[in-house]
Amino acid sequence: MQRVLVLQSPPLRAAKALGLFDEIVRAGRPQPYLAMARADGGLIAEVPQVNVNEPGDPPFVSMSRTALHDVLVRAVRRHGVEVRLGITADPKAAELTAAAFAKLAEPI
């Protein structure tokens, strides 16, 4: 069984603000309604969802975690951010990073 994420109005608005909305809609499955089903897969009801975004936008989009991950990785790479997967962070480096951010947050 594949698990999916459901991106509803707030994350879709954020995706639009970041210029990722169209890519997310292409990578996912726009859903105009919520399908309620029994354990055997038999349909119980289709519940229409309210669209609170732009007219024509889907009320929500379902997609796999992998698909969303791929969209986000491509987006940050387009901005020159290096993405490295499958590595373990050094705890000392994490402490240094936290200390650097804390220093940035100090009042001037």
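Select one label from (1) 36, 19, 15; (2) 20, 18, 12; (3) 31, 20, 14: the one whose number is semi-axes √(5λ) of the Cα gyration tensor in Å as derived from the coordinates shown.
(1)
Which of the three applies to the range 45-94, rounded, prolate or oblate, going by the alpha-carbon gyration tensor with a ≥ b ≥ c and a/c under 1.5 meaning rounded? Each step should come with its number before you reach the end.
Working: a/c = 3.36, a/b = 2.38, b/c = 1.41.
Since a/c reaches 1.5 and a/b is larger than b/c, the shape of the range 45-94 is classed as prolate.
Once R0 is set to 41 Å, what does the formula 1/(1 + (r/R0)^6) return for the Cβ-Cβ distance between Leu43 and Arg13, expressed as a FRET efficiency to the nearest 0.05? Please list the in-between numbers first.
On the way: r = 30 Å, r/R0 = 0.73.
So the FRET efficiency works out to roughly 0.85.
If you place +1 on the Cβ of every Lys and Arg, -1 on the Cβ of every Asp and Glu, and leave all else neutral, what size is the dipole of the range 5-86 about its Cα centre, to the nearest 20 Debye?
Details: 10 positive and 8 negative charges, 63 e Å.
Using only the charged Cβ atoms, the result is roughly 300 debye.
Mind telling me which of Gly86, Gly42, Gly56 comes out most flexible in a GNM of the chain, alpha-carbon contacts under 10 Å?
Result: Gly86 has the largest fluctuation of those listed.
Using only the alpha-carbon atoms, how far is helix 65-78 inclined from the longest principal axis of the chain? Give it as 0 to 90 degrees, nearest 10.
The two axes meet at around 50 degrees.
Lys/Arg Cβ at +1, Asp/Glu Cβ at -1, dipole of the range 5-86 taken about the Cα centre: which of Met63, Val76, Ser9 is farthest positive-ward?
Val76
Pairs of Cα atoms under 8 Å, at least six residues apart: use those to get the relative contact order of the range 5-86, whole percent.
Values: 94 pairs, mean separation 28.0, N = 82.
Computed value for the range 5-86: 34 percent relative contact order.
If you fit an axis through the alpha-carbon atoms of helix 91-105 and take the longest principal axis of the Cα set of the chain, what angle between them do you get, 0 to 90°, nearest 10?
With rounding to tens, the tilt is 90 degrees.
Return the calculated 222 nm mean residue ellipticity for the chain, to the nearest 500 deg cm²/dmol, obtained by summing -39500 (n - 2.57) across DSSP H runs with n ≥ 4 and dividing by the residue count.
Numbers: 4 runs with 45 residues, N = 108.
Helix contribution divided over all residues of the chain: -12500 deg cm²/dmol.
Where a number appears in this text, it was derived from the coordinates with a stated rule and is not lab data. Please read these numbers as outputs of a predicted model, since none were measured by experiment. Here the Cβ is made from the backbone with ideal geometry for all residues, glycine too, and neighbour counts use every protein chain on show.
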